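For reference, the structure is listed below as structure tokens.
Where a number appears in this text, it was derived from the coordinates with a stated rule and is not lab data. The shown structure was predicted, so the numbers you read here are calculated from the model rather than taken from an experiment. Methodologically, a virtual Cβ is constructed for each residue, glycine included, from the backbone with ideal geometry; neighbour enumeration extends over all protein chains shown.
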Amino acid sequence: MKVQLQTYGCQMNKLDTALVSSALKAAGFGLTDGVKEADVVLINTCSVREHAEQRVLSHLGHLKHIKESRPELVVGVIGCMAQRLGRQLLEDKTVDIVCGPGQIPQIVTLVREALDGKKKTLSITEKIRQKPDKDNALDNFESAYGIEDKEIPGQAFVRVMRGCDKFCSYCVVPYVRGVEVSRPLKVIIEQIKRLAGNGVKQVTLLGQRVNAYKYSAGEKIFCLVDLLSMASEINGIEWIRFVTSFPSKEFFDEILQAMATLPKVCNYLHLPAQSGSDRILQAMNRGYSCNEYLELLNRARAVVPAIAIAGDFIVGFPGEMEEDFQATVGLVKKARYKNCFIFKYSPRPGTNADKKLEDDIPAEIKKKRNIELLDIQNKISEGLSRQFLNKTVEVLVEGPSKKSHLNRRDSEMDSTSSPHNKPQLAGRTATDYIVVFNGPQTLAGQFAKVKITKTSALTLFGELNQ
Ligand code: SAM
Ligand code: SF4
């Protein structure tokens, strides 16, 4: 039996897909990229913006046609949309399984039951904001199957926290991923040791507010710094990243000190600001002002001068006047991010912003602000990238470049390399810069040194140091 798995959304979802796919493989299922060969299609879904949900719904529309000629095809929706829409999704004739993020340990059973022709099944958390019992099913599932994200050799994601209690007014995550829970330190460290034993060189610790990681064992309270220093001692692990950080003073200095003193901890911080306007930040329930946020950036750069910082912004939040947007522009100029993710506000049912505030910024203004902010960030990114020209950087090679057209002329001009023995590869520096260069495929999962010969806003191009 073959399963096609499709993923929408963030790194949390990619990790869930990796866990589900290794559980299915361990149970004897095969995986396939094409729906034609698939007996089962599982869609791992995202609810953060309406657009992400619409893409899934149109995908289901496509599967509906396929099911007309192949009624035995099993279709499952897993992840955040499954949790948010539950029974409503199950009412769709195309859908056989609806499984929330907290129920993925049951996925093999659910798929088998559906294949055996049993009735449609709904498996979600009934009371999502109720503190979960000490049911270790998720932790055991995570530890047993979290071996390696095969898509990127030598790298793995490790969840250190689930859920979120922050309730930013626009955000659906607390309602679909549930109460914030930090996983036991010992379990995480053992998992990283196992990953290292399987050849993993880089781990990325994941949490919605990863810098708020807090786990009590007896008298002692462990925080992210403890995880970073214990993971640093594991042989084979060379680089450690963590995302996403929430702008807060708690543990901030300690985490920066760890970054400055532990060589394996990458000098990279993803610290979303969301807005530069204090009025909007307050309406978003973010709990900091623009100046407090900038103060955190100043401290980060003072303690870790080589740090690269990435940001997230939402434009067109309800009531965002031109002056609020200009405050965001001002923040982006001061912050000098390596790169920024910029989103147009999307009202999410059930959130406070959706309940209390009108989505009053017209779509064309959201679009205009999005383009303007991206343009400003692009110029900053270009300037920062240019500093790498003629310098040699160390990268962890991910594999063949997905955008090989970007550097085609260089590779064509390189008469010593045929596309077969030196394809275009992509890797990342410890500071998360994407580097594209020609080299042997065998370098995937290895470290390499690359001399930068050309730069653009988001990519550095170079030549492999032999
Ligand atoms: N926990 C992380 C944080 O606090 O930054 C990331 C959460 S969310 C999955 C990723 C990004 O999506 C957020 O940083 C925010 O910029 C964006 N986002 C969340 N809700 C949104 C909404 N309703 N409309 C538009 N963008 C949204
Ligand atoms: Fe959403 Fe805010 Fe939690 Fe991030 S911190 S997941 S934006 S509620």
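Remarks
- Phi to ³J(HN,Hα) by Karplus 6.51 cos²θ - 1.76 cosθ + 1.60 over segment 154-159, Hz, x for Gly, Pro: x, 10, 8, 9, 10, 6
- Cross-link pairs beyond the 22 Å C-alpha cut-off, checked among LYS64/LYS120; LYS134/LYS214; LYS14/LYS220; LYS249/LYS367; LYS264/LYS338: LYS14/LYS220; LYS249/LYS367
- Taking amide H positions as modeled 1.01 Å from N, with prolines and chain starts lacking one, the residues under 5 Å from ILE78 and 5 or more places away or on another chain are ILE43, ASN44, THR45, CYS99.
- Residue order, fewest to most surrounding Cβ atoms within 10 angstrom, among LYS134, LYS333: LYS134, LYS333
- Legend: calculated FRET efficiency, GLN54 to LYS402, from the Cβ-Cβ distance at R0 = 22 Å, rounded to 0.05, equals 0.35.
- Relative contact order of segment 10-132: 23 percent, from C-alpha pairs under 8 Å at least 6 residues apart in sequence.
- Modelled FRET efficiency - R0 51 Å, LYS391 with LEU115, Cβ distances, 0.05 increments: 0.40
- Based on Cα contacts under 8 Å between residues 6+ apart, the chain shows a relative contact order of 10 percent.
- Compared with the alpha-carbon gap, the fully stretched path from ARG336 to LYS367 is longer by 8.9 nm at 0.36 nm per residue.
- Cα convex hull of segment 173-266 - mean projected area over all directions, nm²: 6.6
- For the chain, the Stokes-Einstein estimate of translational diffusion at 25 °C and a viscosity of 0.890 mPa s comes to 104 µm²/s, using the Kirkwood hydrodynamic radius over alpha-carbon pairs.
- For GLU180, distant residues with modelled amide H under 5 Å away: CYS164, ASP165
- Label-point separation in nm, ASP165 to SER229, each point 7 Å along Cα→Cβ: 2.5
- Residue order for MET321, MET12, fewest other beta carbons within 10 angstrom first, comes to MET321, MET12.
- Segment 210-259, relative contact order in percent, only Cα pairs under 8 angstrom and at least six apart counted: 44
- Isolated Cys in the chain, by beta carbon distance under 4.7 Å: CYS10, CYS46, CYS80, CYS99, CYS164, CYS223, CYS266, CYS290, CYS340
- Karplus-derived 3J(HN,Hα), 6.51/-1.76/1.60, for each residue of segment 114-125, Hz, glycine and proline x: 5, 5, 6, x, 6, 5, 4, 10, 10, 9, 9, 7
- Links that overshoot a 26 Å alpha carbon limit, given the list LYS25/LYS166; LYS403/LYS454; LYS131/LYS355: LYS25/LYS166
- Computed [θ] at 222 nm, deg cm²/dmol, the chain (DSSP H ≥ 4; -39,500 (n - 2.57); rounded to nearest 500): -11000 deg cm²/dmol
- Annotation: amide H of PHE343 within the under-5 Å range of PHE313, ILE314, VAL315, sequence separation 5 or more or interchain, hydrogens built in the peptide plane.
- Going by neighbour counts of Cβ atoms within 10 Å, the residues ILE188, ILE307 line up, fewest first, as ILE307, ILE188.
- Two-site FRET efficiency, LYS131 against LYS186, from Cβ-Cβ distance with R₀ of 25 Å, rounded to 0.05: 0.75
- Part-to-part distance (alpha-carbon centres) for segment 164-185 and segment 327-384, which is given in Å: 22
- Note on ARG299 and ASN352: the model spin-label points, each 7 Å out from Cα along the C-beta direction, lie 2.4 nm apart.
- Evaluating 6.51 cos²θ - 1.76 cosθ + 1.60 at θ = phi - 60° for every residue in segment 195-205, the Karplus couplings come out as 4, 4, x, 8, x, 6, 10, 10, 10, 10, 7 Hz, glycine and proline recorded as x.
- Listed peptides 384-395, 90-101 by packing density, highest first (mean Cβ within 10 Å): 90-101, 384-395
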